Amino acid sequence: MVGSATTPEVLLLMGPPGAGKGTQAAKLARARGITKLSTGDLLRSNVGQGTDLGQRAKGIMAAGELVPDDLIIAMVKQEFERQGTVRVLLDGFPRTEGQAVALDAMLESFHAPMTAAVVLDVNEDELVRRLVGRAADEGRSDDNETTVRKRMEVYGHQTQPLIEYYARRGKLRRVDGMGSVADVFARISEALP
Ligand code: AP5
């Protein structure tokens, strides 16, 4: 069910690099009338504009490491304040337990409970196939083989534990992310309240 235009709605899309978070986030945000907030897109825009944050993040992103929590949390807080809404789809945030705890505090201050955290499950061969395809199409600086491996390792160590974090809170929805974009979208929509 899609809520009314004033009902808070906070969705999280999680999953390894190449799982389809960005692709599905764009479709879901449109379908549910909520705002997409992607920390990866925000960081890339800062890098492109050469801001202080972009200069600090550039090398870290190119190496496939995570940008420090304090920088990410400040950036997300600023976005929430700028948009003045808690009808939001978070793509790629939180990625560490520190970020998840900070998000809980932000949402509490807005009196907005989290709706659901969706994890897209995609096997490693398919992830590599998708990212290699995107490297050829778009040339993203972190889509080379060494960095992709690093991003997957970082996901396993730092972000995967959040699956348990949201499962304990009864918020987790695991969705099969294999197959066509349309099929995955249909599965996510079905899994959401
Ligand atoms: P981010 O931009 O979030 O990258 P990521 O998590 O590595 O995810 P991707 O964008 O690679 O994949 P995706 O799951 O969004 O898949 P997509 O839809 O694009 O982060 C980049 C970097 O920024 C991080 O490494 C880190 O340094 C930093 N960062 C970001 N957030 C941070 C945070 N919170 N804390 C700290 N650091 C942070 O799809 C991939 C490809 O597959 C596309 O070509 C797409 O067309 C294709 N595709 C999608 N779905 C399908 C399908 N069903 N079938 C076939 N192809 C498909």
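The values are calculated or read from the model by the stated rules, or taken from the named source; none is laboratory data. Every value quoted in this text rests on a predicted model; they were computed, and no experiment measured them. Cβ sites come from the backbone with ideal geometry, for glycine too, and all protein chains shown count toward neighbours. When the accessible area is computed, the model is the full protein with side chains, heavy atoms only, and any ligands, DNA or RNA have been set aside. Shrake-Rupley method; radii C 1.70, N 1.55, O 1.52, S 1.80 Å.
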Checklist entry - Between Ala26 and Asp52, how many nm apart are label points set 7 Å from Cα along the C-beta direction? => result 3.2 nm
Checklist outcome for this item: When the charge dipole of the range 57-173 is computed with +1 at the Cβ of Lys and Arg and -1 at the Cβ of Asp and Glu, the Cα pointing farthest to the positive end, of Tyr165, Gly98, Met114, is that of Met114
Checklist entry - Mind checking the dipole of the chain: about its Cα centre, +1 per Lys or Arg Cβ, -1 per Asp or Glu Cβ, Debye to the nearest 20? => result 380 debye
Next on the checklist: Using the Kirkwood radius over C-alpha pairs as Rh, can you work out the diffusion coefficient of the range 95-185 via Stokes-Einstein at 25 °C, viscosity 0.890 mPa s, in µm² per second?
Outcome noted: 162 µm²/s
Checklist entry - Can you list the lysines whose alpha carbon sits under 19 Å from that of Lys58, skipping same-chain ones fewer than 8 residues off? => result Lys150
Item to check | Residue-span extension gain [Arg168 to Glu79] - 0.36 nm each, minus C-alpha spacing | outcome: 29.3 nm
Next on the checklist: Return the Rg/Rh ratio of the range 67-114 with Cα-based radii and a Kirkwood Rh.
Outcome noted: 0.92
Item to check | Reference-scaled alpha-carbon Rg (2.2 N^0.38 Å with N residues) for the range 1-74 | outcome: 1.28
Checklist entry - Any idea what the dipole of the range 26-132 comes to, in debye rounded to 20, about its Cα centre with Lys/Arg Cβ at +1 and Asp/Glu Cβ at -1? => result 560 debye
Checklist entry - Considering only protein heavy atoms and a 1.4 Å probe, what is the carbon-and-sulfur percentage of the accessible area of the chain? => result 51 percent
Next on the checklist: Give me the extension gain from Ala136 to Glu153: residue separation times 0.36 nm, minus the current Cα-Cα distance, reported in nm with one decimal.
Outcome noted: 3.9 nm
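So if I average 1/r over every pair of distinct C-alpha atoms in the range 12-156 and take the inverse, what Kirkwood radius in Å does that give?
15.9 Å
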Next on the checklist: For the chain, set up a GNM with springs between Cα atoms under 10 Å and report which of Gly84, Gly64, Gly15 has the largest fluctuation.
Outcome noted: Gly84
Checklist outcome for this item: Among Asp104, Asp143, Asp91, the residue with the largest mean-square fluctuation in a Gaussian network model of the chain built from Cα contacts under 10 Å is Asp104
Item to check | Residue-normalised accessible area of the range 56-164, given per residue in Å² at a 1.4 Å probe | outcome: 51 Å²
